Amino acid sequence: MRSTAIAIPLVTGLLLSAASSRAADPVACTVLTPAQVSAALGVSIDQGTPIGRPGTCQWIGKGRFATLTIAVPRGGKSPVEQFNAGKKGGLGGAVTAEPVSGVGDDAYYVYFSGTTRAGLGLVVKKGSSEFEIRVYGFELDKAKPVAKTLAQEAAGKI
(Lines give C-alpha, C1' and ligand atoms only; values in the text may rest on other atoms or scores of the structure.)
Protein backbone atom coordinates (compact mmCIF):
# COMPACT_ATOMS: atom_id res chain seq x y z
CA MET A 1 0.00 0.00 0.00
CA ARG A 2 2.86 2.33 0.84
CA SER A 3 4.42 1.85 -2.64
CA THR A 4 1.07 2.79 -4.23
CA ALA A 5 0.96 5.96 -2.14
CA ILE A 6 4.39 6.93 -3.47
CA ALA A 7 3.79 5.81 -7.05
CA ILE A 8 0.57 7.77 -7.64
CA PRO A 9 2.06 11.23 -6.95
CA LEU A 10 5.20 10.30 -8.89
CA VAL A 11 3.27 9.17 -11.99
CA THR A 12 0.93 12.16 -11.75
CA GLY A 13 3.92 14.51 -11.59
CA LEU A 14 5.53 12.89 -14.62
CA LEU A 15 2.31 13.10 -16.63
CA LEU A 16 1.79 16.75 -15.74
CA SER A 17 5.40 17.53 -16.63
CA ALA A 18 5.07 15.82 -20.02
CA ALA A 19 1.77 17.57 -20.73
CA SER A 20 3.17 21.00 -19.87
CA SER A 21 6.24 20.48 -22.07
CA ARG A 22 3.98 19.47 -24.98
CA ALA A 23 1.75 22.49 -24.35
CA ALA A 24 4.83 24.72 -24.65
CA ASP A 25 5.76 23.11 -27.98
CA PRO A 26 5.02 25.65 -30.74
CA VAL A 27 2.31 24.74 -33.22
CA ALA A 28 4.16 24.77 -36.54
CA CYS A 29 1.06 24.30 -38.72
CA THR A 30 -0.16 27.77 -37.68
CA VAL A 31 3.07 29.52 -38.72
CA LEU A 32 2.51 29.25 -42.47
CA THR A 33 -0.85 29.35 -44.20
CA PRO A 34 -1.79 26.81 -46.86
CA ALA A 35 -2.00 29.72 -49.34
CA GLN A 36 1.60 30.79 -48.56
CA VAL A 37 2.93 27.25 -48.94
CA SER A 38 0.92 26.60 -52.10
CA ALA A 39 2.16 29.84 -53.71
CA ALA A 40 5.79 29.06 -52.84
CA LEU A 41 5.64 25.44 -54.04
CA GLY A 42 3.66 26.33 -57.15
CA VAL A 43 1.09 23.54 -56.59
CA SER A 44 -2.09 23.07 -54.60
CA ILE A 45 -1.28 21.55 -51.24
CA ASP A 46 -3.15 19.70 -48.52
CA GLN A 47 -3.80 21.33 -45.17
CA GLY A 48 -0.63 21.19 -43.04
CA THR A 49 -0.40 18.22 -40.67
CA PRO A 50 1.92 17.78 -37.66
CA ILE A 51 4.72 15.23 -37.97
CA GLY A 52 5.18 13.63 -34.58
CA ARG A 53 4.78 16.75 -32.43
CA PRO A 54 3.09 20.15 -32.70
CA GLY A 55 6.43 21.87 -33.48
CA THR A 56 6.59 20.12 -36.84
CA CYS A 57 4.35 20.36 -39.89
CA GLN A 58 4.23 19.11 -43.47
CA TRP A 59 2.34 20.35 -46.50
CA ILE A 60 2.00 17.96 -49.44
CA GLY A 61 1.14 18.75 -53.04
CA LYS A 62 1.50 16.93 -56.33
CA GLY A 63 5.20 16.07 -56.64
CA ARG A 64 6.30 18.70 -54.12
CA PHE A 65 6.14 19.14 -50.39
CA ALA A 66 7.51 21.28 -47.59
CA THR A 67 8.13 20.79 -43.89
CA LEU A 68 8.67 23.17 -40.98
CA THR A 69 10.43 22.03 -37.83
CA ILE A 70 10.72 24.40 -34.88
CA ALA A 71 13.60 23.36 -32.64
CA VAL A 72 13.11 22.60 -28.97
CA PRO A 73 15.86 21.97 -26.42
CA ARG A 74 17.35 18.55 -27.16
CA GLY A 75 20.25 16.59 -25.74
CA GLY A 76 21.03 19.38 -23.28
CA LYS A 77 21.40 21.91 -26.13
CA SER A 78 19.29 25.00 -26.67
CA PRO A 79 17.90 25.71 -30.14
CA VAL A 80 20.67 28.29 -30.71
CA GLU A 81 23.35 25.78 -29.69
CA GLN A 82 21.81 23.28 -32.12
CA PHE A 83 21.88 25.94 -34.87
CA ASN A 84 25.55 26.74 -34.22
CA ALA A 85 26.53 23.05 -34.19
CA GLY A 86 24.67 22.43 -37.45
CA LYS A 87 26.26 25.44 -39.11
CA LYS A 88 29.70 23.97 -38.46
CA GLY A 89 28.69 20.83 -40.34
CA GLY A 90 30.05 17.62 -38.93
CA LEU A 91 28.92 14.89 -41.28
CA GLY A 92 32.30 14.55 -42.98
CA GLY A 93 31.46 16.35 -46.21
CA ALA A 94 28.30 14.34 -46.86
CA VAL A 95 26.21 17.43 -46.14
CA THR A 96 26.86 20.96 -47.37
CA ALA A 97 26.04 23.90 -45.08
CA GLU A 98 25.93 27.07 -47.22
CA PRO A 99 25.43 30.51 -45.59
CA VAL A 100 22.43 32.58 -46.75
CA SER A 101 21.50 36.16 -45.91
CA GLY A 102 18.17 37.92 -45.62
CA VAL A 103 16.44 35.47 -43.27
CA GLY A 104 16.30 35.81 -39.47
CA ASP A 105 19.46 36.67 -37.54
CA ASP A 106 21.53 33.99 -39.30
CA ALA A 107 20.75 31.18 -41.70
CA TYR A 108 22.23 28.46 -43.87
CA TYR A 109 21.08 26.05 -46.55
CA VAL A 110 21.75 22.39 -45.88
CA TYR A 111 21.70 19.64 -48.50
CA PHE A 112 23.44 16.42 -49.45
CA SER A 113 26.72 17.13 -51.23
CA GLY A 114 26.90 16.05 -54.85
CA THR A 115 23.14 15.84 -55.38
CA THR A 116 20.79 18.19 -57.16
CA ARG A 117 17.35 16.88 -56.17
CA ALA A 118 17.44 15.19 -52.74
CA GLY A 119 15.65 17.94 -50.83
CA LEU A 120 16.98 21.16 -49.39
CA GLY A 121 16.76 22.61 -45.91
CA LEU A 122 17.06 26.21 -44.79
CA VAL A 123 17.97 26.44 -41.10
CA VAL A 124 17.25 29.80 -39.48
CA LYS A 125 18.20 31.34 -36.15
CA LYS A 126 15.98 34.15 -34.90
CA GLY A 127 16.55 35.41 -31.39
CA SER A 128 16.64 32.35 -29.13
CA SER A 129 14.71 30.24 -31.65
CA GLU A 130 15.78 27.95 -34.48
CA PHE A 131 13.66 26.45 -37.23
CA GLU A 132 14.15 24.60 -40.48
CA ILE A 133 12.16 24.73 -43.69
CA ARG A 134 12.70 21.76 -46.03
CA VAL A 135 11.45 21.60 -49.60
CA TYR A 136 11.31 18.59 -51.89
CA GLY A 137 10.52 18.09 -55.58
CA PHE A 138 12.82 20.79 -56.98
CA GLU A 139 16.25 20.96 -58.52
CA LEU A 140 18.68 22.49 -56.00
CA ASP A 141 18.91 25.90 -57.73
CA LYS A 142 15.10 26.19 -57.80
CA ALA A 143 14.67 24.91 -54.23
CA LYS A 144 16.75 27.68 -52.65
CA PRO A 145 14.41 30.61 -53.45
CA VAL A 146 11.36 28.50 -52.53
CA ALA A 147 12.84 27.64 -49.12
CA LYS A 148 13.93 31.25 -48.59
CA THR A 149 10.44 32.58 -49.34
CA LEU A 150 8.87 30.19 -46.85
CA ALA A 151 11.56 30.87 -44.24
CA GLN A 152 11.06 34.64 -44.52
CA GLU A 153 7.31 34.15 -43.99
CA ALA A 154 7.93 31.88 -40.99
CA ALA A 155 10.57 34.19 -39.47
CA GLY A 156 7.96 36.92 -39.28
CA LYS A 157 5.89 34.78 -36.91
CA ILE A 158 8.58 33.04 -34.85
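The values are calculated or read from the model by the stated rules, or taken from the named source; none is laboratory data. The structure presented is a predicted model; accordingly, all values stated were derived computationally and were not measured. Using ideal geometry, Cβ is built from the backbone for each residue, glycine included, and neighbour counts are taken over all protein chains shown.
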Inset, instruction - State the number of residues belonging to the range 130-148 that are free of Cβ contacts under 8 Å to residues at least 24 places away in the same chain and under 14 Å from Val103 (Cβ atoms). - result: 1
Inset, instruction - Mind counting the residues in the range 130-158 that are buried (at least 20 other Cβ atoms within 10 Å of the Cβ) and either among the hydrophobic types (A, V, I, L, M, F, W, C) or under 19 Å from Pro73 (Cβ atoms) (or both)? - result: 13
Legend entry - Among the candidates Gly104, Gly86, residue that is in contact (Cβ under 8 Å) with a residue 40 or more places away in the chain, in contact with a Phe, Trp or Tyr (Cβ under 9 Å, 6 or more places away or on another chain) and surrounded by 15 or more Cβ atoms within 10 Å (Cβ to Cβ): Gly104
Inset, instruction - Kindly indicate the residue of the range 47-81 that is under 17 Å from Ala155 (Cβ atoms) and in contact (Cβ under 8 Å) with a residue 40 or more places away in the chain and also nearest to the chain's Cα centre (by Cα) among those meeting that condition. - result: Thr69
Inset, instruction - Tally the residues that are out of contact with any Pro (no Cβ under 8 Å at 6 or more places or on another chain), more than 17 Å from Leu120 (Cα to Cα) and not in a loop (DSSP other than H, G, I, E, B), restricting the search to the range 45-98. - result: 11
Inset, instruction - Inspect all residues belonging to the range 15-24 and state whether any of them is surrounded by 13 or more Cβ atoms within 10 Å (Cβ to Cβ), closer than 23 Å to Gly104 by Cβ and either under 21 Å from the mean Cα position of the chain (by Cα) or at pLDDT 95 or above (or both). - result: no
